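Starting off with a structure, shown below.
The values are calculated or read from the model by the stated rules, or taken from the named source; none is laboratory data. Only a predicted model underlies this, so the values are computations on that prediction, with no experimental measurement involved. Ligands, DNA and RNA are excluded from the accessible area calculation, which covers all protein heavy atoms including side chains. Shrake-Rupley method; radii C 1.70, N 1.55, O 1.52, S 1.80 Å.
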Amino acid sequence: MPGLQQNLEIVLVDVQAVSIHESRYFDIAYHVAGESRVQTLRVNPEAFYADPQPGDRVAVNLLMGNIMGASKIDAQAGSD
């Protein structure tokens, strides 16, 4: 059983901006890096970085399964 707080690297598969009662959210499909199972999540944009795109590698901080913060991992950081 995972702990209450986790730090994961995920890869975005699909990102859709949605509006619910005039509040903005992102519906994201993603997989955990190294795994193939696609999962979905609705995210408040305040907990995410601006303009997420499919293919982005993202470091996320989860608390009880909810994204508390996310930052895009720079693709250049690991390449020489």
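Give the accessible surface of the chain per residue, rounded to a whole number of Å², with probe radius 1.4 Å and ligands, DNA and RNA excluded. Write out the running numbers ahead of the final one.
Numbers: 5540 Å² over 80 residues.
Solvent-accessible surface per residue comes out at 69 Å².
At 1.4 Å probe size, with no ligands or nucleic acids counted, give the accessible surface of Ser36 in Å², nearest ten.
Roll a 1.4 Å probe over it and Ser36 shows about 100 Å².
A follow-up question, please. Thinking of segment 1-68 as a set of Cα atoms, what percent of all their pairs are more than 15 Å apart?
Values: 1184 of 2278 pairs.
Value for segment 1-68 (Cα pairs over 15 Å): 52 percent.
Can you compute 3J(HN,Hα) from phi for each residue in segment 45-51, using the Karplus curve 6.51 cos²θ - 1.76 cosθ + 1.60 with θ = phi - 60°, rounded to whole Hz and x for Gly and Pro?
For segment 45-51, the Karplus-derived couplings read x, 5, 9, 10, 7, 5, 6 Hz, x marking Gly and Pro.
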